[in-house]
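First comes the structure, then the notes that go with it.
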Amino acid sequence: MIALDQVTKRYGDTVSLDSLSLHIKEGEFFGLLGPNGAGKTTLIRIISALTVPTSGRVLVAGEPVNRNNTKFKSQIGLVPQHNNLEPELTVVENLQLHGMLYGIPKKESAGRIKELLDFTRLTDKADTQVGKLSGGMKRKLLIARALMHKPAILLLDEPTVGLDVSSRRKVWDLIKGLHKRGITIVLTTHYLEEAEALCTKIGLLKKGRLLMSGSLDELKNMVGPVVVEQFYNDKTVLYFYKDQKEALKAASSMGEGITVRQSRLEDIFVKLTEEKSE
Amino acid sequence: MSGFLAVLWREYLFFKRRFWTITTSSMVAPLLYLITFGWGLGRSVNLSGVDYINFLVPGIVALSTMNTSFNAIATPLSIARLYDKTLEEYMVAPITILSFAAGKIVAGAMRGIYAALIIITISFIFGARLEINVLFLALMFLNCLVFSSLGFLVALKIKSHPDMARFNNFVITPMIFICGTFFSLDRVPEIMRHVINVLPLTPASQGLRAVALGGEIPLWAPAVQIAYLLLFTGWGLYVCNRVE
């Protein structure tokens, strides 16, 4: 569905993506994780033709990605990290504008708007100017807008950043519902619990390179499904083992401040991102 | 085509919402020019047998259509790119860059035409007697398109908001005064006159004046403006294809 082949993006001397290759299959819920500056947003922007790669090839639904290729664009729905709604237009006008840009007939567009406002529970805000909405409502409207043209692929760039816990959960439920409907989703996030709760496959990015990708279980098996956590010299150190027996044997010789447990995504993230920078 | 219509519709909503602000701000500068130069010098000054107010109004129409069309696109589009990020919605949508650019440029030109119609109405109240015909309107629209396309290009090229103010200070404002809007270029030194003649506003003020005063339109005027329109639009499309 989405194929990146040796994609590099440079801004002067800074390399944002470094010969990155990635394949995302139809129906997958792919999470992109990485520390700040890892290249997550650049990757999303390249897939949606907002950023032109310095080199490499990008295909979406078999179509080459470029700004004038309208075929691939109609397949994509983008929820950007920042709010890019028209602030002077109302909720409905923003959706109408999107419908016009995507060539949706007026009658069909009106029906979709009603449906999406209901889905995102924004019906009572239909005629409110976007500038007067709360942060959570704007996020929901961004999702509604991205769904107006029924995209096959939804790109979500940190969709819950800055939201309170309750709003975040509501957005999660929305996204889960969309994946159930068969939409391919690519999500970037800083929240590891978000990726753990939502994604079927996860890729770890650092300094523009894909360190590892797979399902959560695959990632755990690659690094070690059992972890021994030791608090030593005011620092927590993690040791990964392939099974419980091996972990307990190692822990017995480590002294005090030891915890043996199943590894979590957070452990894998810390191990990989710290390991590679050493 | 859907992209072109969508852009126009968005601009129409913006215009409708800010109707009074747009209308009054379109009137301020030309009204001041008409009061100071029109009433002040008005019929007491005669240029080659023409009342100064009749000489002045086509120049004011040229500079106002330039200002309005340029600023109707340049400022909002630069804000949409640098601050609101709303430009991204158009770049992601399945529309061609050409349809987006055409929508913006035509919308900017329509705003210029609106401003010009206000000025022409006011100038008649001030006692100007001019020949406003189809050719005059066509030249006016061409001028609007030229500066709307320049606004499109500049909005995509600048790196920050102060850059826009600098462009206005160093390019747009000087043209208001030197491109034959307030005075005849006949008395300008020949070398300077050649330079001024190829600035994008000069053909508009010269052409509009010729038609309004019942003279023959100098053919170089629309030719130069069409060349500028093609240059700014082509360059704008090139930049828009790469802008991030």
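Computed from backbone phi with θ = phi - 60° and the Karplus coefficients 6.51, -1.76 and 1.60, the 3J(HN,Hα) list for the stretch B:232-240 is 5, 5, x, 5, x, 5, 4, 5, 5 Hz; x is used for glycine and proline. To the nearest 10, the accessible area of A:THR200 is 70 Å² with a 1.4 Å probe.
Here the accessible area of chain B is 69 percent carbon and sulfur, with a 1.4 angstrom probe and all protein chains present.
Between B:TYR83 and B:VAL188, the modelled labels are 3.4 nm apart [label points 7 Å from Cα along Cα→Cβ].
Note every residue of the stretch A:43-73 with a reduction of at least 40 square angstrom in accessible area, all protein chains present versus the isolated chain, computed with a 1.4 Å probe, or write none. When all protein chains are present, A:LEU50, A:ARG67, A:ASN68, A:THR70, A:LYS73 each give up 40 Å² or more of accessible surface.
With respect to chain B, whose longest principal axis is taken over its alpha-carbon atoms, helix B:52-82 is tilted by about 10°. Dipole of chain B computed with +1 at Lys/Arg Cβ and -1 at Asp/Glu Cβ about the Cα centre; of B:GLY234, B:ILE73, B:LEU130, farthest Cα towards the positive end is B:ILE73. Of A:TYR239, A:LEU205, A:VAL228, which is farthest along the charge dipole of the stretch A:198-240 in the positive direction, counting Lys and Arg as +1 and Asp and Glu as -1 at C-beta? The listed residue farthest towards the positive side: A:LEU205. From its DSSP helices (H runs of at least four residues, each -39,500 (n - 2.57)), chain B gives a residue-normalised ellipticity at 222 nm of -24000 deg cm²/dmol. Modelled spin labels at A:LYS245 and A:ASN69, positioned 7 Å past Cα toward Cβ, are 5.2 nm from each other. Could you compute the net charge surrounding A:ILE183? Neighbours are other residues with a C-beta less than 12 Å from the C-beta of A:ILE183; K and R count +1, D and E count -1. In short, +2.
Shown in residue order for the stretch A:58-67 are the 3J(HN,Hα) couplings computed by the Karplus curve 6.51 cos²θ - 1.76 cosθ + 1.60 at θ = phi - 60°: 10, 10, 10, 6, x, 9, x, 7, 7, 5 Hz (x for Gly and Pro). Counts of other chain beta carbons within 10 angstrom of each beta carbon in peptide B:6-15 average 4. Chains B and A together bury roughly 2800 Å² of accessible surface, counting both sides and using a 1.4 Å probe on protein heavy atoms. Could you tell me which of rounded, prolate or oblate describes chain B, using a ≥ b ≥ c as the square roots of the eigenvalues of the alpha-carbon gyration tensor, with rounded for a/c under 1.5 and, failing that, prolate when a/b is larger than b/c and oblate otherwise? Because a/c hits 1.5 or more and a/b exceeds b/c, chain B counts as prolate. With protein chains left intact and a 1.4 Å probe, residues in the stretch B:2-243 average 43 Å² of accessible area per residue.
Place a label point 7 angstrom from the Cα of A:VAL52 along the Cα-to-Cβ direction, then list the residues of the stretch B:83-101 whose backbone nitrogen is under 19 Å away. Under cut-off, by backbone N: B:87-101.
For the stretch A:40-96, the fraction of 1.4 Å probe accessible surface lying on carbon and sulfur atoms is 49 percent.
Between helix A:91-101 and chain A there is an angle of about 80 degrees, using the helix long axis and the longest principal axis of the Cα atoms. Contact-buried residues of the stretch B:220-244, at a threshold of 50 Å² lost accessible area versus the chain by itself: B:ASN241, B:GLU244 (1.4 Å probe; DNA, RNA and ligands ignored). Computed from label points 7 Å out along Cα-Cβ, the spacing between A:LYS180 and A:TYR232 is 4.7 nm. Split the accessible area of the stretch A:175-278 by element, probe 1.4 Å, and carbon with sulfur accounts for 47%.
Simple point charges give the picture: +1 on the Cβ of Lys and Arg, -1 on the Cβ of Asp and Glu, and for the stretch A:1-49 a dipole about the Cα centre of about 140 debye. Based on DSSP H segments of at least four residues, each scored -39500 (n - 2.57), chain A has a per-residue ellipticity at 222 nm of -11000 deg cm²/dmol. In this Cβ point-charge picture (+1 for Lys and Arg, -1 for Asp and Glu), chain B has a dipole of about 380 debye about its Cα centre.
Each of B:ILE53, B:THR23, B:LEU34 was placed along the dipole of the stretch B:1-85 (beta-carbon charges, centred on the mean Cα), and the one lying farthest toward the positive end is B:THR23. To the nearest 20 debye, what charge dipole does the protein assembly as shown have about its Cα centre, counting +1 at the Cβ of each Lys and Arg and -1 at the Cβ of each Asp and Glu? Approximately 600 debye in magnitude. For the pair the stretch A:122-186 and the stretch A:39-70, the centres of their Cα atoms are 22 angstrom apart.
The values are calculated or read from the model by the stated rules, or taken from the named source; none is laboratory data. Keep in mind that this is a model prediction, so the values were computed, not measured. FYI the Cβ positions are ideal-geometry reconstructions off the backbone, even for glycines, and counts take in every protein chain you see. For the accessible areas, the whole protein counts, side chains as well, though only heavy atoms, and no ligand, DNA or RNA atoms are used. Shrake-Rupley method; radii C 1.70, N 1.55, O 1.52, S 1.80 Å.
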